[in-house]
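Below you'll find the structure, written out as structure tokens, and then a few comments.
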Amino acid sequence: MPTMKDVAQRAGVSVSTVSRVISGSDRISAATKERVRAAMKELDFHPNAIARSLASKTAGTIGLVVSRSPENAFANSFFPEVIRGIGSVLSKHGYYLLLIMTDDPEVERAQTLAALRSRRVDGAIVTSSRVSDPLFRHLVEEKRKFVLIGRVLDDLPVSYVDNDNVKVGYMATRHLIEAGYRRIAMISGATEYVVSLDRIEGYKKAITEAGMEFRKEYLVNAGFTRESGEDACRKLLALEEPPDAIFAADDTMASGAVRAILKSGLRIPEDVGVIGVNDDPLASMMRPALSTVRIPVFELGVWAARILMDLLSNGETVPRQMVLPGTLVVRETSSARGLFSA
């Protein structure tokens, strides 16, 4: 297997010159670069990521921060899909991923900052935003390169890619109202996350705009898992005046709600309508098929990675912020009172 020394001998240059060519240094003349590249091609020499990292004094690795425990992170389709989008971009740029996965905010903050400060990673993509989290302020103050999937409540200059989650919550609830449901409950994700607060805001907006009363007992928090969605739905069905429709803040919780409703002997969508969010790959295969608001999850990952690559390669300092739209997909779980399109 050829080495950098072999390439240097073939090109008639020093090993350090080969290293600089590999790292993309501007201090090497075009003619010398051409000789080195020709030698690399003749010898079939392909510098691996480690060699490139050593040559360019970068880690060649991006930190991916997932604010979930390892046990729960992949119980929900969102994270595998967003990681697939991120990976599709980073692989083209020769970057590896370092996964930082924990549901403890303090551990997450310590591990993320340590990875960046020690230069084990060149930048980071953070996949969730907590309501009160000093991580982002630390990252901004230390001028770290990072992109958030989500948004921050604080007025911080942060690059992010997000959905309009207020509109997502509004769209889902408005659909149930237009389909004829009147006692509409919501199964929310944990309210420590900004995405949960935004979808709750959209739910409340649609309810009050329609002249309906917001009922506190109709808002139940769960944990973005099927089991927590099922438990939350059971509590709602046990109310003295149970809801006739449920908006679950993601499809995984919605699938749990569907299971609880069917176990109770009620019919979907005749007795209780259900709608989720994300358009999980299993949503269309469920029986009854799940209505949802489709989120471009793969694209969230793609754009987060593209923005981070620009921050790293161009030295951009102005935050870039992008909001991707959601799309209503009506299926069988909310069609009883009239609508079924997919």
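The C-beta contact set for segment 96-119 (first residue without any contact (Cβ under 8 Å) to a residue 24 or more places away in the chain, second residue among the β-branched types (Val, Ile, Thr) and exposed (fewer than 15 other Cβ atoms within 10 Å of the Cβ), distance under 8 angstrom, 6+ apart or interchain) is empty. If only residues of segment 182-193 that are closer than 15 Å to Gly276 by Cβ and modelled with pLDDT of 95 or more are counted, the one that is farthest from the chain's Cα centre (by Cα) is Ile184.
So for segment 69-81 (the condition being assigned by TED's automatic domain parsing to the domain that holds Leu312, aliphatic (A, V, I, L, M) and outside any helix (DSSP H, G or I)), does at least one residue qualify? Scanning segment 69-81, I find at least one residue that is assigned by TED's automatic domain parsing to the domain that holds Leu312, aliphatic (A, V, I, L, M) and outside any helix (DSSP H, G or I), so the answer is yes. Filtering segment 210-223 to residues that are at negative phi and not in a helix (DSSP H, G or I) leaves Ala210, Met212, Glu213, Phe214, Arg215, Leu219, Val220, Asn221, Ala222, Gly223.
I want to confirm something. Restricting to segment 288-334 and keeping residues that are in contact with a Ser or Thr (Cβ under 7 Å, 6 or more places away or on another chain) and within 26 Å of Tyr96 (Cα to Cα), which single residue is surrounded by the most Cβ atoms within 10 Å (Cβ to Cβ)? Filtering segment 288-334 for residues that are in contact with a Ser or Thr (Cβ under 7 Å, 6 or more places away or on another chain) and within 26 Å of Tyr96 (Cα to Cα), the one surrounded by the most Cβ atoms within 10 Å (Cβ to Cβ) comes out as Ile307. Scanning segment 191-217 for residues that are among the aromatic types (Phe, Trp, Tyr) and either outside the structural domain of Asp250 (by TED's automatic domain parsing) or farther than 28 Å from Ser69 by Cα (or both) turns up just one, Phe214. For segment 250-300, residues that are under 18 Å from Val168 (Cα atoms), β-branched (Val, Ile, Thr) and not in a strand (DSSP E or B) total 3. One residue stands out among those in segment 256-295 that are within 21 Å of the chain's Cα centre (by Cα) and of a type in the set (Val, Ile, Thr): the one that is farthest from Ala185 (Cα to Cα), which is Ile295. Does Val258 qualify as being buried (at least 19 other Cβ atoms within 10 Å of the Cβ) and among the aliphatic types (A, V, I, L, M)? Here the answer is yes, as Val258 does meet what is asked. Looking only at residues of segment 164-194 that are surrounded by fewer than 23 Cβ atoms within 10 Å (Cβ to Cβ) and touching a Pro at 6+ places or on another chain (Cβ under 7 Å), we find that the one that is farthest from Ser255 (Cα to Cα) is Asp164.
Only one of the numbered conditions (1) more than 25 Å from Pro281 (Cα to Cα); (2) at pLDDT 95 or above is not met by Asp231, and that is (1).
The values are calculated or read from the model by the stated rules, or taken from the named source; none is laboratory data. This structure is a prediction, so every number in the text was calculated from the model and none was measured. All Cβ positions, glycine included, derive from the backbone under ideal geometry; neighbour counts span all protein chains shown.
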